[in-house]
Amino acid sequence: MTKRSVENLFMSYIKISPAKGLNGVIKIPGDKSISHRAVILGALSCGDTNIHNFLYAQDTMRTVQIFQDMGVEIQGADSGSTNITIYGKGLQGLKPPTNVLYAGNSGTTMRLMLGVLAGQKFKTVITGDESLKKRPMHRVVEPLQLMGTKIYNGKDGNFAPLTVQGGKLKAIKYIMPVASAQVKSAVLLAGLWADGETVITESVKSRDHTERMLKFFGARIHKKGNKIAIKKTDKFVGKKVSVPGDISSAAFFLAAGCFCKNSDLMLLNVGINPTRIGIITVLKKMGADIEIINKHKEGFEPVADIRVKSSNLKGIIIEGGIIPKLIDEIPIIAVAASFAKGKTIIRNAQELKFKESNRIISIITNLRKLGVTVEELNDGMVIYGGEPLIGANLDSYGDHRIAMSMAIAGLSAIGETKINDTECINTSFPEFMDILEEIRQ
Ligand code: S3P
């Protein structure tokens, strides 16, 4: 990728006309969750960490900038490279920043960094954009306070900006009240500095990239059943990390490949971590023609190529333990369900309310504008699919996954679909429109 800025890649709106089909081979950009974590662990290591296929996007660059603000040298990222080097400072080497740390729109940056900041002997303030300032932080603040961190704001500690005074931490035994990889990761990261052994119990499993990567870097972490234990760690050493393609980005083309007629797509090098592949399970259950080929491991994560061809989808029920495995894909699954014959019920997904937008509302409002019959549930929705979608004027609600899902819907709607406020796509997938233009017929 050549030098450019992730701040101004996208137009403020996009217009989509119907596609005759989608064909081609797509290289999916690096996984966002794994890219954040590689920067964090690289910065906390001794020595260099080389990250290959790093996701260059606004959210991951927030994490990069925050470490730069604390004195970590990171080469390549500012010029838009997907191969970057982090000159780690070790677990005791971060410097107090002279500015307020800024997480932008990135919930992962804010929540994981709270875990890192909890381990620092200095005081920091971290904030985000207007959307992030409305997202609940209590779920991370509570366990970190139990470990001994002082975290406060003007109100109740639930919303950014948050002031963090870390330092001496003690290990805790924590039962996760919500299935959240961000909360789990924040506690595990703080556990690196906490005296004793921090133990987390998960009743519903969330994505496990942090555990895998901590182990790969040499932290004293082990898993037993639904428990994860981490011991105070003095140091670990930089590594080479190869980031798989992001299944959450692949998801848009996986779904489109199913419901757009005359489609045949090959998605290369996609992460197929079992805690992330709910979308594949669900689409297959809906009748999708999806083939997983060339399965192998890249470092500590499983990857594969995925081939998808047009098929006739049918409605299904999506609920229970699979929800955390596809939580970020529900907007595009809802679009697929709109093209599927019959009723799709999505429930137990109340976490949708706390994402970059209230996704229950943003999905339903947009689908209804496209002519789909949708019922709202407190923890999901019921979609009556199979009727033609009619192009409309839609809103992203400042939420990248809503913007991209609705653009994909437009490929099979009648007439033109316009999506407003699409700059947010830069937070996770700056190449989205380029790829779409390449594969559409
Ligand atoms: C993420 C965890 C999930 C996911 C988010 C990324 C991560 O959030 O929705 O997009 O990288 O840990 P929760 O932890 O709130 O479930």
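The values are calculated or read from the model by the stated rules, or taken from the named source; none is laboratory data. These figures come from a predicted structure and were not determined experimentally. Cβ sites come from the backbone with ideal geometry, for glycine too, and all protein chains shown count toward neighbours. Heads up: the accessible areas ignore ligands, DNA and RNA and are worked out on the full protein's heavy atoms, side chains in. Shrake-Rupley method; radii C 1.70, N 1.55, O 1.52, S 1.80 Å.
Yes/no matrix, rows are residues, columns are (1) surrounded by 19 or more Cβ atoms within 10 Å (Cβ to Cβ); (2) within 25 Å of the chain's Cα centre (by Cα); (3) within 16 Å of the ligand (Cβ to nearest atom):
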position: Phe122; (1), (2), (3): no, no, no
position: Gly128; (1), (2), (3): yes, yes, yes
position: Val140; (1), (2), (3): yes, yes, yes
position: Asn153; (1), (2), (3): no, no, no
position: Phe159; (1), (2), (3): yes, yes, yes
position: Leu162; (1), (2), (3): yes, yes, no
position: Ala181; (1), (2), (3): yes, yes, yes
position: Leu189; (1), (2), (3): yes, yes, yes
position: Gly196; (1), (2), (3): no, no, no
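Limited to region 201-224, what total is found for residues that are open to solvent by 80 Å² or more (accessible area, probe 1.4 Å), touching a strand residue (DSSP E or B) at 6+ places or on another chain (Cβ under 9 Å), more than 19 Å from Met147 (Cα to Cα) and not in a strand (DSSP E or B)?
2
Filter region 166-179 down to the residues that are surrounded by 14 or more Cβ atoms within 10 Å (Cβ to Cβ) and farther than 14 Å from Gly107 by Cβ, then identify the one that is nearest to the ligand (Cβ to nearest atom).
Ala179
Would you tally the residues in region 332-357 being over 18 Å from Asn312 (Cα atoms) and within 14 Å of the ligand (Cβ to nearest atom)?
10
Mind listing just one residue for me: the one in region 283-308 that is part of a strand (DSSP E or B) and touching a Cys at 6+ places or on another chain (Cβ under 8 Å) and, of those, least open to solvent (accessible area, probe 1.4 Å)?
Val308
Kindly indicate whether any position in region 377-386 is β-branched (Val, Ile, Thr) and open to solvent by 70 Å² or more (accessible area, probe 1.4 Å).
no
Tell me which of these Ile230 doesn't satisfy, since it passes every other one: (1) surrounded by 23 or more Cβ atoms within 10 Å (Cβ to Cβ); (2) on the phi > 0 side of the Ramachandran plot.
(2)
Yes or no, residue by residue, for (1) closer than 21 Å to Pro430 by Cβ; (2) at pLDDT below 95; (3) open to solvent by less than 10 Å² (accessible area, probe 1.4 Å):
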residue	(1), (2), (3)
Gly47	no, no, no
Asn53	yes, no, no
Met70	no, no, yes
Ile74	yes, no, no
Ala77	yes, yes, yes
Thr82	yes, no, no
Tyr87	no, no, no
Gln92	no, no, no
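Somewhere in region 28-49, is a residue under 28 Å from Cys260 (Cβ atoms), touching a residue at least 24 places away in the same chain (Cβ under 8 Å) and in a strand (DSSP E or B)?
Yes, because at least one residue in region 28-49 is under 28 Å from Cys260 (Cβ atoms), touching a residue at least 24 places away in the same chain (Cβ under 8 Å) and in a strand (DSSP E or B).
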